[in-house]
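Beneath this line is the structure, given in structure tokens, with notes to follow.
The values are calculated or read from the model by the stated rules, or taken from the named source; none is laboratory data. The structure displayed is predicted, hence computed values, not measured ones. Here Cβ is always computed from backbone atoms with ideal geometry, including for glycine, and neighbour counts include all displayed protein chains. Quick note on the areas: whole protein, heavy atoms, side chains included, nothing else; ligands and nucleic acids left out. Shrake-Rupley method; radii C 1.70, N 1.55, O 1.52, S 1.80 Å.
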Amino acid sequence: MDELRGDQAAWRFDGESIAIAYETKGWFKSPLLKLLGGLSVPLAAVEEVDFRPGAVRKGGWAMNLRLRERMDPYAAVGAMLDDRAQPFRLTGPASTELVAEYLADQVRFAAGQAGAPDGATPTALVPPLPLHVRTSEGTAHLDRGRLTLVWGGGHASGFKKKQQRREFDLADIAAVEWSPLDDWGWGFVRVITAGGTEQTAAKPRNDLNVLRAGEEGNEIHQVFLLAATVTAHVWARDARARLAPGPGGAPGDGRTGRDDDAWWRDTARSALDAVRRSALALNRPGDGIAPAEGGGAGAAGGAAAGERRASGDGRGGGADTAWIFEQIERLGELHAKGLLTDEEFSAKKAELLGRI
């Protein structure tokens, strides 16, 4: 087992995962990392290892683990964290640079050989459930399937105290955002529900989707861990939904729809493949059209279906104009999302219009 001790933590690499034990002694150590204590990162979750010699003071080195998409809940909610509090960052003196670079190479190679990560992996990188957080405004309790906010603290507004509490089913939570301390000494965690129709311009003090945290103790770091933990479980829920059988019983039909980033990524890949291959069929996730990858009956069926739609009823008629305009509309959605370039959109649109 390879071990590397740095300024913030000790990393132990066993070939399958990296066990991180954060330093908890010393007033200058990150309060967030002290609260976190430690975690274990499976190699399947690692996208890249960024090693930079001479990147910190006195010629020391810095190493960062870049996790795959929807694998790092801390980065998702903590874009405003300073480098000192980054959980997957390690720095050290120049005297250990060679050892650190060797470990970076080992982890990078092993991560490249690892398979795809499990959709539940992010939940293993956050504090276990149940999770209870207390601030000067109230408390938050996260258990499997439910998040409860209770406003009973001395700094809770009269409006919130009157409402007393609010409960959220995990199935209804779309995202969670965290805000660090402002100039007035207050930060917060905010729950964003699916649809978000109840979100208003209310200030955090009176927002019933918000639990505020003050400067006392490590309140702001507690609500940060709460935000990351909820995010991890929301991602795991979405991953299960994408793998759940749909009405036809085929795995992968149970997608969460256009609000899901993975849905848009899959759609973009399908559209780009269609542009590059000059294919007619644009398979959108969840539409029940078999992908044309890998050959076989599914690929032949998808191609045949596209040809039939492009040639009308298959008996020598003209192109199906409605279908062509539908594809152009779909490409327009991807273009508006920034997932297709102007050139790709124009080229495919011209090709489709030329078939009318």
HN-Hα J couplings of the range 87-95 from phi, Karplus 6.51/-1.76/1.60, θ = phi - 60°, integer Hz, Gly and Pro as x? x, 10, 10, 9, 10, x, x, 4, 5
The range 1-57-the range 171-195 distance, computed between alpha-carbon centres (Å): 27 Å
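Under the rule a/c < 1.5 gives rounded, and otherwise a/b versus b/c splits prolate from oblate, where does the range 104-250 land using the Cα gyration tensor?
Because a/c hits 1.5 or more and a/b fails to exceed b/c, the range 104-250 counts as oblate.
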Using the Cα centre as the reference, give the magnitude of the dipole from point charges on the C-beta atoms of the range 35-93 (Lys, Arg: +1; Asp, Glu: -1; all else neutral), rounded to the nearest 20 debye. 220 debye
State the extension gain, in nm to one decimal, for the chain segment bounded by ILE328 and ALA241, taking 0.36 nm per residue of separation less the distance between their alpha-carbons. 28.5 nm
Of MET71, MET80, ordered by accessible area with the largest first and a 1.4 Å probe, the sequence is MET80, MET71
The range 168-228 shape via C-alpha gyration tensor axes, a/c threshold 1.5: oblate
Extending each Cα 7 Å along its Cβ direction at LYS58 and GLN163, get the distance between those two points in nm, one decimal. 5.0 nm
Overall form of the range 1-133 per C-alpha gyration tensor (a/c, 1.5; a/b vs b/c): oblate
Cα-projected label distance for GLN113 with ALA171, points at 7 Å along beta-carbon direction, nm: 4.3 nm
Pairs beyond 28 Å (Cα-Cα), from LYS29/LYS58; LYS25/LYS203; LYS29/LYS160: LYS25/LYS203; LYS29/LYS160
Theoretical gain in end-to-end length, ASP342 to HIS132 [0.36 nm per residue, Cα-Cα removed]: 70.7 nm
